[in-house]
Each structure stands twice: as C-alpha cells, then as structure tokens.
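Encoded as structure tokens, the structure appears first; notes follow it.
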Amino acid sequence: MPIYHSYGLSVLFLGLMLNKTLFLINKFDPTVVAKEIELNRIEVAILIPQMINKLLDFKMESLRCVVSCADILPPSILQAATGKFGDIVFNFYGTSETGLATIATPAMLAIRPDTIGRPIRDEEGSFVLYVRSRFAMRAGYIRTGDIAAVDERGWYYLHGRADHLVVVNGVNVYPYTRTSYCRWCTNTRQCSMPI
C-alpha cells in the first residue's frame, strides 16, 4: 500500500509506534514482493486487490494476515486468496477523510465474500455512503462517494463509486457491476471496461 495513501501512512506510523520491522518496496513487482515476504518471513501484507491477485502464483507461507484495502475486493480474488493463503484475508474500508471505517474479518468474508464488514464506531450507511467518525478530518457526516448497502446484520457492502457512473444511451451503467459479472461468468482473474 503506497504511503501517500492515508491508510499506508497510518500503517507506517502504527508499525513505528509498535516498534515493528517494516518493509517498504519502491515499486510493486509481484516477484520482488513475494521474494521479500518469504526471505524476511513477513507475516502481514497490506495490499490492494490487484496486488493480491498478482501474488497468487507465489508461495508465501510466512503470511499470517493479508489485508485488502483501497478498492473493492472482488469475491473471485478473495476466493483465490483464501484458497492459496487460508482464512487470513481481511477487508478494510475507509477513506483519506474518514480514516478506517469498517473491518471484515475472515469469518465474515466466509459468509458474505462481498462485505466490507462492520463499522468500527458509529458510522452509518445509505445508498451513497456517508461516514461520521471520531477519526475523520472534520466533524459531521462526510460523503465518501462510495455506493454501499447494509444488511440485517449491520454488515456493509460496496457496489462501486458514485463517480464511476457512465451513461450509455441514457442508461446509468456502473462499470464495476459489468466487470463483476464478467469475472463471475467466465471465471477470469482480470477484467476491465473501456470507457
């Protein structure tokens, strides 16, 4: 996770405060990352879903926790990662403005692979997710721009970004919905929608 993202910077500071050894790699190369993880017996990897996907072909037995953040974790990538690494994948959600807002544990993801978990504190959700958090940059509710839903358990689900809306012949199209369907139908590992 790049440290210019608020979460990457938070992890850096947390690791320093806890006196942990941190490994920073200048540019993501799956071969280099996998080699460093095994060579240095790294136990926790904080990655975006696309990075997790690119590491699936490597043996990394030292990992005890894989954190997915900064983008929607497609269930197909979660399933492949769980099959490869075991039940050690967590899904974190937050924004630069709100800080960490929700955590989905491996147990939650086993039940609902598309959840982003439960709020850490007193956040609330609606169609476009608004978050109020004591970790936020300002008081009150902050519009995240993420389209979300909440189920009867209080677990949250991301469905894309409000600003990723594309109007095609007068119809609202969310590319994530289309690419998710492509992954589900064809069992592909990567999919994109040209705009």
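Grab the beta carbon distance between F13 and K35, set R0 = 30 Å, and tell me the FRET efficiency rounded to 0.05.
FRET efficiency, F13 to K35: 0.70.
Using only the alpha-carbon atoms of segment 1-153 as identical scatterers, what base-10 log of I(q)/I(0) does the Debye formula give at q = 0.13, 0.14, 0.21 Å⁻¹? Scattering profile of segment 1-153, log10 relative to I(0): -0.62, -0.71, -1.42. Each peptide in 144-153, 97-106 was scored by the mean count of other Cβ atoms within 10 Å over its residues; highest first, the order is 97-106, 144-153.
Full-extension gain between S62 and Q50, please, as 0.36 nm times their residue separation minus the C-alpha to C-alpha distance. It would help to have the intermediate numbers written out before the result.
Details: separation 12, 0.36 × 12 = 4.32 nm, distance 2.04 nm.
Fully extending the segment from S62 to Q50 adds 2.3 nm.
Which shape class applies to segment 1-81: rounded if a/c is under 1.5, otherwise prolate when a/b exceeds b/c and oblate if not, where a ≥ b ≥ c are the square roots of the Cα gyration tensor eigenvalues? Cα axes put segment 1-81 in the oblate bin.
Once both labels are positioned 7 Å from their Cα atoms along Cα-to-Cβ, the gap between R138 and I3 label points is 2.9 nm. Taking label points 7 Å from Cα along the Cα-to-Cβ direction, R153 and F28 give a separation of 2.7 nm.
Taking the Cβ of each residue in F23, F90 as the centre, tally the other Cβ atoms inside 10 Å and list the residues starting with the fewest. List each step's numbers first, then the result.
Numbers: F23 12, F90 19.
Fewest to most other Cβ atoms nearby, the residues stand as F23, F90.
No value in this document is a laboratory result; all are computed from the given coordinates. Please read these numbers as outputs of a predicted model, since none were measured by experiment. In this analysis, Cβ positions are derived from the backbone assuming ideal geometry, glycine residues included, and neighbour counts consider all displayed protein chains.
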